[in-house]
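Engineer: Below: one structure in structure tokens.
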Amino acid sequence: MSSKDTAGAPPDAAADAGTDLGAAGAQLSTAPVEDLGQAVPGSFGGVRGPGTAGALAWTGREAGGWVRWTWRQLTSMRVALILLFLLSLAAVPGSLVPQTSVDEIKAQNFKDAHTTVAPLYEKLGLFNVYSSVWFSAIYILLFVSLAGCIVPRSWQFVGQLRAKPPAAPRNLTRLPAYATWRTEAEPEAVLASAQRLLRGRRFRTQTVGSAVASEKGFLREAGNLLFHVALFGLLISFAVGGLFKAEGGKLIVEGDGFNNTLTQYDDFKPGTFYNADDLDTFGFKLDGFNASYARSGPQKGTPRTFRANIRYWTSPGGKQTKTAIEVNEPLEVGSSKVYLIGHGYAPVVTVKDGQGSVVFQGPVPFLPRDGNQTSPGVIKAMDVRDHADRKTQYAFQGIFTPTFALDAQQGPHSTFPALDYPVLALTAYHGDLGVDAGLPQNVYQLDTKKMKQFKDAEGEILSEMLRPGDTLALPGGDGSLTFDGVKTWATFQVSHQVGNGWALVSAVAAIAGLAGSLFIQRRRVWVRAVRGDDGTTVVELAGLGRSESARIADELGELADGLTATAPPLPAADPEASEEPLPHDEGARA
């Protein structure tokens, strides 16, 4: 028994081998052979005929040619991979830039802190990456490209499954893995034994003339197609999810509650096919918020625990259930999920006017601008009478610091996010807040165009730093503001998503398909047995794989070992000229 090594053959020899193989060397892949037409697109219309009719015919051929060329480029696997890479690249800004759809407060803080680049980001849609025109364009092109790739490959794969293994090439010695020996066994017995062995190894076989043809490894192409179909399924899942999803945000102060109705949301963004009737019936109350932070070391100030303690119900007047919402541990009610997004502090104040009447009392959320919860905010009092009983409006603007510090560079600021030394620094205004004009206003911002600051007896702008229990007295007997205490607040996102299950199934299928396409090899094996001129039977084994690998050679060697039980090799007539048989553990070399 002997083997032949052709793996190191030069390219020209390999090309000659491919020519001799014929159908046996046909594609081992479902990738369609691309007819790219002209290497450099030029005139697709050919020769233009005379007259108007000729010009119209030429124009039609030219337009049709360009359409076909564009479609071939778009549906090529190369372009699909480029679009997939571009989609991944386009998603990066969505992770780096705060998204309005996820956390509107955080996005607004980013805009306020980066006034130079924020307008540019706004024009580019970087605050709404996943709904931007350019992201949608890449998404749709990838969708079309994958569809154009999958359909022809699927039809070709079905054809390959229905087809029988190709007949053995004329010259098996040209194949990368090859073995041969002579035996006294009859050719028919050798072929029958070879067919049994191959079927036992799950090869598809057929006997053509004096050879058995076999093929194996279709799961590689099935995995390849599964991977692309799964990517297609992911795109569909995300598209359907975008059409039927809904997201809304709500800031809730400790002790307050929320009912899942449109009027209760601070902001609400429904999908195209989502309406108010699709809202799940539930509500919850924020009983308290627990937060802990690292107090020493390089991670000082890093959050350790964020937990919103709530009671929720699923029907009006129904049973209330206690639970907690933590980061990445949302509350699930029906098809909705309630996520904990952020938290902060709400100073509790009491505002009295010049007549001694309480014109405002309660907590006012201040929005943090850094990790230590340095929080600017505005307190507004609408229906106010000053000391002369004149109608006016009050506003207080300032900063709340849970752990107060003061320096010349930063002014009042917090050095730690916990309530170690809370201070409320304020300045006061009186005048027209502009709310009577009927135009919407941001409750966290103050328009001072029609307002004046209070000044003290020395003519300086009135400003105070208050500890809990302190009172800021307005000059001229116009009233006061008392800092009663501090409550916590938390922001929640209520999300209704469909298609998540299908997206998960598609992702798992994509991984399984990719693993199959990488680790399963498509290969063909032929066994030929013919009567030689000396009356003995010449047995030839050859294998061909999609890519050069030792696996096909090892498999051929194992097959040769199994076949020697039926067709034992004849001893060499001349010991000096005999070839050493292949060792059992080596098989045919490739």
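The values are calculated or read from the model by the stated rules, or taken from the named source; none is laboratory data. Just so it is clear, the structure is predicted and the values come from calculations on it, not from any experiment. Neighbour counts are summed over all protein chains in view; Cβ atoms, including those assigned to glycine, are modelled from backbone coordinates with ideal geometry. Protein only, heavy atoms only, side chains kept; ligands, DNA and RNA dropped before computing areas. Shrake-Rupley method; radii C 1.70, N 1.55, O 1.52, S 1.80 Å.
Engineer: Based on what the data block shows, is Tyr444 open to solvent by 30 Å² or more (accessible area, probe 1.4 Å) and over 41 Å from the mean Cα position of the chain (by Cα)?
Structural biologist: no
Engineer: Sticking with this structure for a sec: Where residues in region 453-470 are loosely packed, with under 15 Cβ neighbours inside 10 Å and at pLDDT 95 or above, which of them is nearest to the chain's Cα centre (by Cα)?
Structural biologist: Arg467
Engineer: Among the β-branched types (Val, Ile, Thr), touching a Ser or Thr at 6+ places or on another chain (Cβ under 8 Å) and either open to solvent by less than 80 Å² (accessible area, probe 1.4 Å) or in the same structural domain as Thr374 (by the TED database) (or both): is that true of Ile150 in this structure? Please lay out each step first, then the result.
Structural biologist: Details: among the β-branched types (Val, Ile, Thr): yes; touching a Ser or Thr at 6+ places or on another chain (Cβ under 8 Å): no; either open to solvent by less than 80 Å² (accessible area, probe 1.4 Å) or in the same structural domain as Thr374 (by the TED database) (or both): yes.
Judged against the criteria, Ile150 is not a match.
Engineer: If I ask for residues that are assigned to a helix (DSSP H, G or I) and either touching a Leu at 6+ places or on another chain (Cβ under 7 Å) or in contact (Cβ under 8 Å) with a residue 40 or more places away in the chain (or both), which ones from region 49-83 would you list?
Structural biologist: Of everything in region 49-83, those that are assigned to a helix (DSSP H, G or I) and either touching a Leu at 6+ places or on another chain (Cβ under 7 Å) or in contact (Cβ under 8 Å) with a residue 40 or more places away in the chain (or both) turn out to be Trp71, Arg72, Leu74, Met77, Val79, Ala80, Leu83.
A quick yes/no check of all residues on (1) in contact with a Lys or Arg (Cβ under 7 Å, 6 or more places away or on another chain); (2) in a helix (DSSP H, G or I); (3) under 19 Å from Leu235 (Cα atoms); (4) in the same structural domain as Gly342 (by the TED database):
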residue: Phe85; (1), (2), (3), (4): no, yes, yes, no
residue: Pro98; (1), (2), (3), (4): yes, no, no, no
residue: Gln108; (1), (2), (3), (4): no, yes, no, no
residue: Asp112; (1), (2), (3), (4): no, yes, no, no
residue: Thr116; (1), (2), (3), (4): no, no, no, no
residue: Tyr130; (1), (2), (3), (4): no, yes, yes, no
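Engineer: Determine which member of the set Ala425, Ala418, Ala405 is of a type outside the set (Asp, Glu), without any contact (Cβ under 8 Å) to a residue 24 or more places away in the chain and surrounded by fewer than 21 Cβ atoms within 10 Å (Cβ to Cβ).
Structural biologist: Ala405
Engineer: Do you know which residues across region 98-147 are aliphatic (A, V, I, L, M) and more than 30 Å from Ile82 (Cβ to Cβ)?
Structural biologist: Scanning region 98-147 gives Ile105, Ala107, Ala113, Ala118.
Conditions (1) among the basic types (Lys, Arg); (2) open to solvent by 50 Å² or more (accessible area, probe 1.4 Å); (3) in the same structural domain as Asn372 (by the TED database); (4) under 23 Å from Glu104 (Cβ atoms), marked per residue:
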residue: Glu254; (1), (2), (3), (4): no, yes, yes, yes
residue: Gly257; (1), (2), (3), (4): no, no, yes, yes
residue: Asp266; (1), (2), (3), (4): no, yes, yes, yes
residue: Leu286; (1), (2), (3), (4): no, no, yes, yes
residue: Phe306; (1), (2), (3), (4): no, yes, yes, yes
residue: Gln320; (1), (2), (3), (4): no, yes, yes, no
residue: Val333; (1), (2), (3), (4): no, no, yes, yes
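Engineer: Can I ask one more? So which residues in region 94-125 are among the aliphatic types (A, V, I, L, M), over 17 Å from Pro376 (Cα atoms) and either open to solvent by 40 Å² or more (accessible area, probe 1.4 Å) or touching a Ser or Thr at 6+ places or on another chain (Cβ under 8 Å) (or both), if there are any at all? Show your work before the answer.
Structural biologist: First, the residues of region 94-125 that are among the aliphatic types (A, V, I, L, M): 96-97, 102, 105, 107, 113, 117-118, 120, 124.
Now narrow it down to the ones that are over 17 Å from Pro376 (Cα atoms): 96-97, 102, 117-118, 120, 124.
Matches in region 94-125: Leu96, Val102, Val117, Leu120, Leu124.
Engineer: Scan Ser214, Ser193, Ser154 and give me the residue that is closer than 19 Å to Thr564 by Cα, in contact (Cβ under 8 Å) with a residue 60 or more places away in the chain, of a type outside the set (Val, Ile, Thr) and assigned to a helix (DSSP H, G or I).
Structural biologist: Working: Ser214 fails: assigned to a helix (DSSP H, G or I); Ser154 fails: closer than 19 Å to Thr564 by Cα.
From the options Ser214, Ser193, Ser154, the qualifying one is Ser193.
Engineer: Something else: Looking for whichever is open to solvent by less than 40 Å² (accessible area, probe 1.4 Å) and of a type in the set (Asp, Glu) here; the options are Glu184, Glu188, Glu221. Which one fits? Write out each step before concluding.
Structural biologist: Values: Glu184 fails: open to solvent by less than 40 Å² (accessible area, probe 1.4 Å); Glu188 fails: open to solvent by less than 40 Å² (accessible area, probe 1.4 Å).
So the residue among Glu184, Glu188, Glu221 that is open to solvent by less than 40 Å² (accessible area, probe 1.4 Å) and of a type in the set (Asp, Glu) is Glu221.
Engineer: While we're on this one: Quick one: which residue in Val508, Val494, Val498, Val486 is at pLDDT 90 or above, more than 30 Å from Glu188 (Cβ to Cβ), open to solvent by 40 Å² or more (accessible area, probe 1.4 Å) and under 27 Å from the mean Cα position of the chain (by Cα)?
Structural biologist: Exactly one of Val508, Val494, Val498, Val486 is at pLDDT 90 or above, more than 30 Å from Glu188 (Cβ to Cβ), open to solvent by 40 Å² or more (accessible area, probe 1.4 Å) and under 27 Å from the mean Cα position of the chain (by Cα), namely Val508.
Engineer: I need every pair where a residue in region 352-363 that is under 20 Å from Val378 (Cα atoms) and modelled with pLDDT under 95 has its Cβ under 7 Å from the Cβ of a residue that is of a type in the set (Phe, Trp, Tyr) and outside any strand (DSSP E or B), sequence separation at least 6 or different chains.
Structural biologist: Sorted first by the residue in region 352-363, then by its partner, the list stays empty.
Engineer: Criterion first (over 27 Å from Gly344 (Cα atoms) and among the acidic types (Asp, Glu)) does Asp432 satisfy it?
Structural biologist: yes
Engineer: Kindly provide the set of residues from region 290-312 that are among the aromatic types (Phe, Trp, Tyr) and at pLDDT 95 or above, ordered by number.
Structural biologist: Selection gives Tyr312 alone.
Engineer: So which residues in region 238-252 are in contact with a Ser or Thr (Cβ under 6 Å, 6 or more places away or on another chain) and either open to solvent by 60 Å² or more (accessible area, probe 1.4 Å) or at pLDDT below 90 (or both)?
Structural biologist: Result: Leu243, Glu247.
Engineer: Moving on to the next point. Here is a list: Phe135, Phe143. Which entry is over 21 Å from Gly217 (Cα atoms), assigned to a helix (DSSP H, G or I) and without any contact (Cβ under 8 Å) to a residue 60 or more places away in the chain? Reasoning before the result, please.
Structural biologist: Details: Phe143 fails: without any contact (Cβ under 8 Å) to a residue 60 or more places away in the chain.
Exactly one residue qualifies, and that residue is Phe135.
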